[in-house]
Amino acid sequence: MNKIIKLKVKSSYVKSIKAGVPLIKKEAIQNANLLGEEGALIELMDDKGAFLAKGYYGQQNKGIGWILSRQKDEQIDAHFFEKKVKKALEHRSFLFNDPETTAFRVFNGEGDGIGGVTIEYFDGYLLIQWYSEGIYQFKDVLIEALNKVVEYKGLYEKKRFDAQGTYMADDDFVIGERAPEPLLVKENGMNFAVYLNESAMVGIFLDQREVRKKIRDQYAEGKTVLNTFSYTGAFSVAAALGGAIKTTSVDVANRSKSKTIEQFSVNGIDFEAQDIIVEDVFNYFKYAGRKNLSFDLVILDPPSYARSKKHTFSAGKDYSDLLEKAIRITEKGGVIVASTNCSTFGMDKFKGFIVKAFQQANSKYQILEEFRLPADFKTIKEFKEGDYLKVVFLKKRS
Ligand code: SAH
């Protein structure tokens, strides 16, 4: 396969690499000037020249590549990719066997042994997301591996090569049959319309599957529900199907309205009985305060970073203030689903933001339950940033 570049790891980084950290950081390498073309295979050595690990070179915002093996004699070849893909698919067999769920992640980057690439399954179609030029060099080998171990109708890809992982607009269809638009998938019996070839995002975030089910099954019945940062309204759909009196979805993006109407419609829900509001959530909170609105269930799932005309929001800095605003429009005895996908802090720090928010709102709470990534978003303990999702169900007691 590709050419091998030998890189020396600075002594201060040897320990973490030996401990199993899969990401290769530029500052860890003594002779990073040797890096040639992305996609090259890398062999890492300690400062005495002893073998540490092998991987590939691919520039991402996170680092310059990923470790693929810690065995000197393991070849990074077609067989290697096939092994990893096969194991990953076996790990999701419970989902392939679930007739109520036809959309899930089948390969989760470093969690499945190959950082920089994820693969999702949408009712017979596969979507590969490439996070660097480097991993994209392995496209043919990875597709070969998929062809051997999984049956699918068609394959799509999203290139997220630039440093921020921003999507590059393209025709994303690769091989096989083109998917219908929309493609209807199921999740625990709920329907969702997805578009594999429209933009960076397909219409649903699969990592929230268990949270949607929980909201539908245990938290929605007879409740008024506010879904903020609602995107295509997937949480609103779950709540409406669970018997909510009414859902209110708020998102600043114009497209969110028609997308939310569509998600309600494919579930047989009368969208006209729901509120779908295109507005900045921060303005909506002010409006709700002025009108003395309050809700039984408030869902708060902001992006990690967002910039709108008036606000810059960063979960790491501003989550407490945002949650405080949500607390103020939640009924006493009501529930807040506080969620974040921010990878720069963990659950402990997130719980600290929650404590602070309730103090600021002069209110008391109880934690009802917590969710992390579902099993198909496989993570490894050596790479905490990969375990990004934190969802806490909070009861407002006073
Ligand atoms: N909770 C959603 C996913 C949220 S994605 C789900 O589970 O499907 C983040 C969304 O926040 C995007 O749709 C984006 O348009 C929206 N957004 C970002 N900043 C916003 C703001 N200030 N007010 C309202 N929506 C915002």
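Could you let me know the centre-to-centre spacing of the stretch 1-62 and the stretch 286-330, using Cα atoms, in angstrom? Distance between centres, Cα-based: 42 Å. Residues in the stretch 19-28 carry Karplus couplings, in order, of 6, x, 4, x, 8, 9, 9, 4, 5, 7 Hz; the curve used is 6.51 cos²θ - 1.76 cosθ + 1.60 with θ = phi - 60°, and Gly or Pro positions show x. Computed from Cα positions, the angle between helix 315-328 and the longest principal axis of the chain comes to roughly 20 degrees. For the stretch 298-363, the set of trypsin sites (Lys or Arg not before Pro) satisfying both a DSSP loop assignment and a count of at most 14 other C-beta atoms within 10 Å is given as K309, K310. The alpha-carbon of K309 sits under 13 angstrom from the alpha-carbons of these aspartates and glutamates, leaving out residues fewer than 8 places away in its chain: E279, D280.
Pairs from the table (K139/K213; K6/K317; K213/K317; K257/K332) lying more than 32 angstrom apart at Cα are K139/K213; K6/K317.
Each 10 Å bin, from zero up to the one with the longest distance, holds this percent of the alpha carbon pairs of the chain: 5, 21, 29, 24, 15, 6, 1. Taking amide H positions as modeled 1.01 Å from N, with prolines and chain starts lacking one, the residues under 5 Å from I24 and 5 or more places away or on another chain are I64, G65, W66, I67. For A306 and D170, FRET efficiency with R0 = 22 Å and r from the beta-carbon atoms, rounded to 0.05? E between D170 and A306, to the nearest 0.05, is 0.35.
Pairs exceeding a 20 Å alpha-carbon distance, out of K325/K356; K87/K214; K26/K378; K246/K390: K87/K214; K26/K378; K246/K390. Max-minus-min Cα coordinates of the stretch 156-288 on each principal axis give 46, 34, 25 Å, with the largest extent listed first.
By how many degrees, 0 to 90 and rounded to 10, does the Cα axis of helix 347-360 deviate from the longest principal axis of the chain? Taking the Cα atoms of the chain, the angle to 347-360 is about 30 degrees.
Rolling a 1.4 Å probe over the protein heavy atoms gives the stretch 216-297 an accessible area of 43 Å² per residue.
Length gained on full extension, Q75 to A32: 13.2 nm, using 0.36 nm per residue less the C-alpha separation.
Paramagnetic label reach from I367 (point 7 Å along Cα→Cβ; backbone nitrogen cut-off under 19 Å): within the stretch 375-398, residues 384-385, 387-398.
Can you work out the PRE-style zone for V278? Point 7 Å along Cα to Cβ, and I want the residues of the stretch 230-246 with backbone N under 17 Å. So the set is 230-233. Nearest 10 degrees, 0 to 90: what angle lies between the long axis of helix 139-149 and the longest principal axis of the chain (Cα atoms)? Relative to the chain, helix 139-149 is tipped by roughly 70 degrees. Amide hydrogen proximity for T330: with H placed 1.01 Å from N in the peptide plane, the residues at 5 or more positions away or on another chain lying under 5 Å are F295.
The values are calculated or read from the model by the stated rules, or taken from the named source; none is laboratory data. Every value quoted in this text rests on a predicted model; they were computed, and no experiment measured them. Positions of Cβ are generated from backbone atoms using ideal geometry, with glycine treated the same way; all protein chains shown enter the neighbour counts. Quick note on the areas: whole protein, heavy atoms, side chains included, nothing else; ligands and nucleic acids left out. Shrake-Rupley method; radii C 1.70, N 1.55, O 1.52, S 1.80 Å.
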